[in-house]
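Everything below concerns the one structure shown next.
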Amino acid sequence: MEGLAMLRQLIGQLQELLELYGSHPSSLVLPSPSLSPLPHPLHLLQPLPPPPPPPPPLLSQFHSHHQRQQQQRQHHSWCVLNVDDGSADDYYSLIMAAGKSGNFKMLEPCKPPHAKKPRKERTRGKLSGTTNTAEIMEQQIWKDFPEDLFEAVIARLPIATFFRFRSVCRKWNSLLDSQSFSQHCAQVPQGNPWFYTITHENVNSGAIYDPSSKKWHHPTISSLPNKMIVLPVASAGGLVCFLDIGHRNFYVCNPLTQSFKELPARSVKVWSRVAVGMTLNGNSTCGGYKILWVGCDGEFEVYDSLKNSWTRPGHMPSSIKLPLSLNFRSQAVSIDGTLYFMRSDPEGIVSYDMVNGVWKQYIIPAPLHLTDHTLAECGGRIMLVGLLTKNAATCVCIWELQKMTLLWKEVDRMPNIWCLEFYGKHVRMTCLGNRGLLMLSLRSRQMNRLVTYDVSNREWLKVPGCVVPRGRKRQWIACGTAFHPCLTAIA
Amino acid sequence: MALELKSSDNKIFEVEELVAVQSETIKSLVEDGCADNVIPLPNVDSKTLELVLDWCKNHVDMKLDEEKLKEYEDKFIEVDQAVLYDLLLAANYLNIKDLLNRACQKVADMLKGKTPEQIRETLNIVNDFSPEEEEEIRKENLWAFEE
């Protein structure tokens, strides 16, 4: 029955949000109506004033009916909704009534920070970005610098500097549309990836971290829909693929420029949770890209940017056990045109060769006491990042897949001193990025620690807190993805 | 096989072919069979040509030692602005890709700390935006200005 399907879908979405934002158990339950008749269904769904950080901004707090009677309880518990109870209709009408009443506080689109020009910008030569004060370039020498070499130089500027210099003249402002500039950019060796993150406080705009300069940036991508929540799920070639929280629509965009595309609708009727992977056809987005989604029922589709359409290239082979319990918190990993997804039951990895359209399965036992694990890769090696919790001690561990034996071998751990911070605490971890350089967001009730890990040189670095411009409060990093900052990637 | 190159100030440099063909320009001349005589390079003076040839020679010698080569390149490019400018133009004219890239990177490093106004002054660029247009563009790209 359609109502039940919609309800299940809503529960799924809420569960997902809880996983994303809460350190609380992710099941939603409402007390069964037989326990105590409620005068008004809306008493269950009452917004509470936001608690001290972190405030979950998306959902009103649900108080279970019993706990309402115990006013002493300070912390927030979640009502649990049990759809299989049979009285689905009751719950359905509860939620629907809540939605109509407006008591159920949905996320409102947030405005980008007020764009007021800071004072110091108006003073020439005192720009805070001027770190290179020592080098005075003599105009006598450089005034005849040939114009055809400008592009080669500009392509080698730091990304933020490029955007600052767009106001130099019209030509410099229109370089993003220039084919020759694109070619120059393609020749510059790729550095570290950047991280596009979604914060607890503002899910409608991303906060971008540049690990090379250790700076946070807050561009507004005006083209992303701001009346719904979209989350980054994959990236390739400087483009980030977003999926809205209802799993309906895909969007692709370059977070640095305004290049943006909404993908055509998929041919499915039920919007169940999917895992997503993205690959480039060639070396850059000029050659096109492909996006794959796969669901627990073994259904999958591939989007081809050159044709701008979805296709169903076949069926999952019977050797792959269904339902496919995909690890949705893990990003897919892409190596040489093949995507790798984590699965459980049985534990292991399923891979899809995007070029030849072949699915394979690898049974790989997971390390014990492992939680919040995700896949990553470095130089063709498949890695696993996760939390190991044993006797109240939690540590971040890194494993590498031994291809010969199909076993995970531990290769690194977060420095002990940093792990001590989490001793005795319930910790959740999200891994942003899945190649080379990873950002880990570690969250316990009171704190959010950010760390980057460089897989190739095993370097752990702390990440400065994310603060919006003219703000003071540190933002909590919920999720996100790494992407290669590429000025000329076109969606 | 040795080639002879003549700088703008009429100085002759004798160079191994393997070294000289790092320049795509010279390479084309060799392939077209025009390199039997002295090759005139009217756009490069002897001081600059000497440096360029040193770069090319080291790139042949150190081809397999990436670390050593990088060390050499970093040291090589630490030159006066006037010399850097001449190197850039020479690398462009002679079409020596890695030298051109390295020199462009050095110039980019020198420019990155400047304000747009300073860029215009240094590179003699006319501001063809109206004040309103310029303000609009700064606003669009405000995130890059924020610390």
Picked from segment A:164-178 (must be at the interface with another protein chain (Cβ under 7 Å from one of its Cβ atoms) and in a loop (DSSP other than H, G, I, E, B)), the residue surrounded by the fewest Cβ atoms within 10 Å (Cβ to Cβ) is A:C169
For segment B:65-86 the number of residues that are in a helix (DSSP H, G or I) and either over 26 Å from B:P42 (Cα atoms) or away from every other protein chain (no Cβ under 12 Å) (or both) is 11
Taking segment A:141-163 and the residues there that are under 30 Å from the mean Cα position of the chain (by Cα), within 7 Å of chain B (Cβ to nearest Cβ) and over 30 Å from A:W476 (Cβ atoms), the one that is surrounded by the most Cβ atoms within 10 Å (Cβ to Cβ) would be A:R156
>> When you check A:V270 against the structure, is it touching a residue at least 40 places away in the same chain (Cβ under 8 Å) and assigned to a strand (DSSP E or B), yes or no?
In response: no
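Taking the conditions exactly as written (under 15 Å from the mean Cα position of the chain (by Cα) and assigned to a loop (DSSP other than H, G, I, E, B)), does A:L243 satisfy them or not?
On the way: under 15 Å from the mean Cα position of the chain (by Cα): yes; assigned to a loop (DSSP other than H, G, I, E, B): no.
Taking the combined requirement at face value, the residue does not satisfy it.
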Of the residues in segment A:169-205, those that are within 30 Å of A:K227 (Cβ to Cβ) and charged (D, E, K, R) number 2
Evaluate the following for A:S330: is it in a strand (DSSP E or B), in contact with a strand residue (DSSP E or B) (Cβ under 8 Å, 6 or more places away or on another chain), of a type in the set (G, A, S) and under 25 Å from A:A478 (Cβ atoms)?
no
Of the listed residues (A:V463, A:V468), the one being within 14 Å of chain B (Cβ to nearest Cβ), more than 22 Å from A:L401 (Cβ to Cβ), in contact (Cβ under 8 Å) with a residue 12 or more places away in the chain and β-branched (V, I, T) is A:V468
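Based on this model, can you work out whether B:K106 counts as within 14 Å of chain A (Cβ to nearest Cβ) and assigned to a helix (DSSP H, G or I)?
Numbers: within 14 Å of chain A (Cβ to nearest Cβ): yes; assigned to a helix (DSSP H, G or I): yes.
Spelling it out, B:K106 is indeed within 14 Å of chain A (Cβ to nearest Cβ) and assigned to a helix (DSSP H, G or I).
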**Message:** If I filter segment A:316-325 for residues that are within 24 Å of the chain's Cα centre (by Cα) and closer than 22 Å to A:F250 by Cβ, do I get at least one hit?
**Reply:** yes
Filtering segment A:472-491 down to residues that are out of contact with any Asp or Glu (no Cβ under 9 Å at 6 or more places or on another chain) and farther than 30 Å from A:L306 by Cα yields A:R472, A:R474, A:I477, A:A478
Output for Cβ contacts, cut-off 8 Å, separation at least six or different chains, first residue more than 22 Å from A:E299 (Cβ to Cβ) in segment A:356-371, second of a type in the set (V, I, T), reads A:I364/A:I349; A:H369/A:T389; A:T371/A:T389
Taking segment A:306-327 and keeping residues part of a strand (DSSP E or B) and within 24 Å of A:K261 (Cβ to Cβ) leaves A:S309, A:W310, A:T311
A:V274 vs (1) buried (at least 18 other Cβ atoms within 10 Å of the Cβ); (2) out of contact with any Gly (no Cβ under 6 Å at 6 or more places or on another chain); (3) among the aliphatic types (A, V, I, L, M): all pass except (2)
Of the residues in segment A:164-193 that are closer than 20 Å to A:H217 by Cβ and of a type in the set (D, E, K, R), the one that is nearest to the chain's Cα centre (by Cα) is A:R164
Among A:Y303, A:Y352, the single one that is in contact (Cβ under 8 Å) with a residue 60 or more places away in the chain, out of contact with any helix residue (DSSP H, G or I) (no Cβ under 7 Å at 6 or more places or on another chain) and either among the β-branched types (V, I, T) or part of a strand (DSSP E or B) (or both) is A:Y352
Within segment B:109-147, of all residues that are of a type in the set (S, T, Y) and at the interface with chain A (Cβ under 7 Å from one of its Cβ atoms), the one nearest to B:Q22 (Cα to Cα) is B:T122
Inspect all residues belonging to segment A:430-443 and state whether any of them is modelled with pLDDT of 90 or more, among the polar types (S, T, N, Q) and closer than 22 Å to A:A366 by Cα.
-> yes
Report yes if A:L401 is more than 19 Å from A:D372 (Cα to Cα), assigned to a strand (DSSP E or B) and out of contact with any Cys (no Cβ under 6 Å at 6 or more places or on another chain), otherwise no. no
Filtering segment A:448-460 down to residues that are in a loop (DSSP other than H, G, I, E, B) and touching a residue at least 24 places away in the same chain (Cβ under 8 Å) yields A:V455, A:S456, A:R458
Quick count over segment B:65-81, residues being under 25 Å from A:Q139 (Cβ atoms) and loosely packed, with under 15 Cβ neighbours inside 10 Å, is 2
Tell me whether segment B:45-64 contains one or more residues that are among the aromatic types (F, W, Y), within 8 Å of chain A (Cβ to nearest Cβ) and buried (at least 17 other Cβ atoms within 10 Å of the Cβ). no
Scanning segment B:90-100 for residues that are in a helix (DSSP H, G or I) and surrounded by 19 or more Cβ atoms within 10 Å (Cβ to Cβ), the one farthest from the other protein chains (Cβ to nearest Cβ) turns out to be B:L94
Counting only residues that are surrounded by fewer than 14 Cβ atoms within 10 Å (Cβ to Cβ) and not in a loop (DSSP other than H, G, I, E, B), segment B:120-147 contains a total of 5
Reported set for segment A:214-265 where residues are touching a helix residue (DSSP H, G or I) at 6+ places or on another chain (Cβ under 8 Å), farther than 24 Å from A:R435 by Cα and within 14 Å of chain B (Cβ to nearest Cβ) is A:T220
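The values are calculated or read from the model by the stated rules, or taken from the named source; none is laboratory data. All values reported here derive from a predicted model rather than from experimental measurement. All Cβ positions, even for glycine, are placed from backbone atoms using ideal geometry, and neighbour counts span all protein chains on display.
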